[in-house]
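Visitor: Quick one: this structure, given as structure tokens, is what I'll be asking you about.
Please treat every number below as a calculation from the coordinates, not as lab data. Just so it is clear, the model here is predicted, and its values are computed rather than measured. Reconstructed Cβ throughout: ideal geometry from the backbone, glycine too, with neighbour counts over all protein chains shown.
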Amino acid sequence: MRKYFLFCLLDLVFVIFCFSNLNAQSYDPDTLALTPPMGWNSWNTFKCDINENLIKEIADAMVSSGMKDAGYEYVIIDDCWQVSRDSAGNIQADPEKFPSGIKALADYIHSKGLKFGIYSDAGLKTCQGRPGSRGYEFQDARQYAKWGVDYLKYDWCYHGTQDAKASYALMGMALRATGRPIVYSICEWGTNKPWLWGKEVGGNLWRTTEDILNCWDCRASWGGMGFVHILDAQDSLAKYAGPGHWNDPDMLEVGNSGLTLSESRAHFSLWCVLAAPLIAGNDIRKMTPEIRDILTNKEVIAVDQDSLGKQGRKVKDLGDLEVWSKELRDGSRAVVLFNRSKKSAKIGISWEEIGMNKAALMKVRDLWKKKDLGVFKNGYSATVPPHDVIMIKVTQK
Ligand code: GLA
């Protein structure tokens, strides 16, 4: 009897020990990313063609271009930085592309006042066939923390029969157990509705859709698509976004070859109204002044970063002509008049349609022209060029 009692007691101590370890949280993931994360990621432009010099030059350009001043913070290396594991299971960076090691790169990025992000995959391999984190979740998370990683993008290739929520919960737990605040970006393309469980597993943002492509409205057979198709999948998800946890319609294609200047402007405006993470995906070392002006327009970025954290909604849909509106902390609205057609068109909106008093007098400011347009009663309308937007802020007089 005494022996049995002793066993039970030991069991109890063991269970308490495991439980307290699993819940070892030295930070609350909900306190990270209180506004949508902003940064740069290597994938859209460079795919696997990355190395430490490129990433350092990007960090330099982030500062010299004014992007850092405008709020961009994370420099994120996507797939292909890793090649193998050593005999102890430690993940190894490509020694030819990253000869100084990941810690040295993280230190460089930190020395510029920026933060450092990295990429892995919940399955056996990454999408490009590099080692994934399955079975190494805690070991990898500890390694990231030692290197000084501030952001993890966690992909979903080669997942076999894994359960998505359980797999993402495991890495969420591993990240928290490190004690280092690491923004957790869930990238499972919306397949398992991560908006329903992403917050619960410690996710700060979750991809809602397949990969964005460098085009207006193309589609790839594997599911990748241009930004207008991605936009079409976002409206119904608005209620799941808020401070600390965001819908992620994918990284920006602003400034890439498949979009005209006006299409880049439209893409950026709409991502801001969606309260989307703003992760640039162009070569910011070589961007034109016009593209830089889009990516660093502080008034437009302020819409994305508004502390109320409300994702905007489509309030009017006339086929190719749409109006999107986002409520802001000060009670005003950011409104995007979006012309998807190939001809200029007049688009109008009433104050009532954006949830404001029908007959109120409203101040209207054009956020791209950075110009006050005057005071308007009942509503506002304007002619919008093809594949372009007019973006205004509407404030009670
Ligand atoms: C997936 C992701 C992309 C990118 C690639 C890298 O397709 O959705 O964003 O990370 O993998 O292989």
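Visitor: Tell me, what is the FRET efficiency for SER257 and ASP28 to the nearest 0.05, using R0 = 30 angstrom and their Cβ-Cβ distance as r?
Guide: Numbers: r = 42 Å, r/R0 = 1.38.
Once rounded, the FRET efficiency stands at 0.10.
Visitor: Could you tell me which of the pairs LYS56/LYS370; LYS343/LYS377; LYS310/LYS370 are separated by over 26 angstrom between their Cα atoms in the structure shown?
Guide: Among LYS56/LYS370; LYS343/LYS377; LYS310/LYS370, the Cα-Cα distance tops 26 Å for LYS56/LYS370; LYS343/LYS377.
Visitor: Moving on to the next point. What's the local net charge at ASP366, with K and R +1, D and E -1, over the other residues with C-beta under 12 Å away?
Guide: Charge balance in the 12 Å sphere: +4.
Visitor: Return the whole-Å distance between the Cα centroid of segment 62-141 and the Cα centroid of segment 227-242.
Guide: Rounded to whole Å, the Cα centres lie 28 Å apart.
Visitor: Report the chymotrypsin sites (Phe, Trp or Tyr not before Pro) located in segment 291-386 that are in a DSSP loop and have at most 14 other Cβ atoms inside 10 Å of their Cβ, or state none.
Guide: Nothing satisfies the criteria.
Visitor: Same structure, new question: How many angstrom lie between the C-alpha centres of segment 307-356 and segment 147-163?
Guide: So the two Cα centres are separated by 35 Å.
Visitor: Kindly put VAL384, VAL63 in sequence by how many other C-beta atoms sit within 10 Å of each C-beta, fewest to most. Don't jump to the answer; show the numbers that get you there.
Guide: Values: VAL384 22, VAL63 14.
Fewest-to-most Cβ neighbours within 10 Å comes out as VAL63, VAL384.
Visitor: Pop a pseudo-label 7 angstrom from the Cα along the beta-carbon direction at both LYS125 and LYS346 and give the gap in nm to one decimal.
Guide: If labels sit at LYS125 and LYS346, their model points lie 5.8 nm apart.
Visitor: Could you work out the relative contact order of segment 313-396? I mean the mean sequence separation of Cα pairs under 8 Å and 6+ apart, divided by the number of residues, in percent.
Guide: On the way: 195 pairs, mean separation 27.4, N = 84.
RCO, segment 313-396: 33 percent.
Visitor: Using helices alone, what [θ] at 222 nm do you get for the chain, with -39,500 (n - 2.57) per DSSP H run of 4 or more residues, divided over all residues and rounded to the nearest 500?
Guide: -8000 deg cm²/dmol
Visitor: Continuing with the same structure: When DSSP beta bridges are limited to those with both residues in the chain, what percentage is antiparallel, rounded to the nearest 5? Write out the running numbers ahead of the final one.
Guide: On the way: 42 of 66 bridges.
Within the chain, antiparallel bridges account for around 65 percent of the total.
Visitor: Something else now. Relative contact order for segment 21-304: what percent, with Cα pairs under 8 Å and sequence separation of 6 or more?
Guide: 21 percent
Visitor: Taking segment 237-309, which trypsin sites (Lys or Arg not before Pro) meet the DSSP loop condition and have no more than 14 other C-beta atoms within 10 Å?
Guide: Here the trypsin sites (Lys or Arg not before Pro) that fit, given the DSSP loop and packing criteria, are ARG285, LYS286.
Visitor: Using only C-alpha atoms and all pairs of different ones, pull out the Kirkwood radius for segment 204-252 in Å with one decimal. Walk me through the numbers before you get to the answer.
Guide: Numbers: mean 1/r = 0.0894 Å⁻¹.
With all distinct Cα pairs of segment 204-252 included, I get 11.2 Å.
Visitor: Which percent, nearest 5, of DSSP beta bridges in segment 301-352 are antiparallel? Numbers along the way, then the final one.
Guide: Details: 12 of 12 bridges.
Close to 100 percent.
Visitor: Kyte-Doolittle cut-off 0.0, length cut-off 27 Å along the helix's own axis using Cα: show which whole DSSP H helices in the chain pass.
Guide: 2-22
Visitor: Extension gain ASP232-ALA88, at 0.36 nm per residue separation less the Cα-Cα distance, in nm?
Guide: Numbers: separation 144, 0.36 × 144 = 51.84 nm, distance 4.60 nm.
Value of the extension gain: 47.2 nm.
Visitor: I would also like to ask the following. Show me the trypsin sites (Lys or Arg not before Pro) within segment 47-119 that DSSP assigns to loop and that have at most 12 other Cβ atoms within 10 Å of their Cβ.
Guide: Here the sparse-neighbourhood loop sites are LYS47.
Visitor: Where does the Debye-calculated log10 I(q)/I(0) of the chain sit at q = 0.06, 0.08, 0.11 Å⁻¹, using only Cα point scatterers of equal weight, no solvent?
Guide: For the requested q values the scattering log ratios are -0.26, -0.44, -0.79.
Visitor: In segment 56-152, what is the volume of the convex hull around the alpha carbon atoms, normalised per residue and reported in Å³?
Guide: Per residue, the Cα convex hull of segment 56-152 comes to 99 Å³.
Visitor: Which entries in LYS316/LYS346; LYS346/LYS397; LYS199/LYS298 show an alpha-carbon gap greater than 22 Å?
Guide: In this structure, LYS346/LYS397; LYS199/LYS298 exceed 22 Å between Cα atoms.
Visitor: Cut-off is 10 Å between beta-carbons; in what order do CYS218, CYS157, CYS80 appear when sorted fewest neighbours first?
Guide: CYS218, CYS157, CYS80
Visitor: Taking other Cβ within 10 Å of each residue's Cβ, how do THR395, THR178, THR161, THR260 sort, fewest first?
Guide: Starting with the residue having the fewest Cβ neighbours, the order is THR161, THR260, THR395, THR178.
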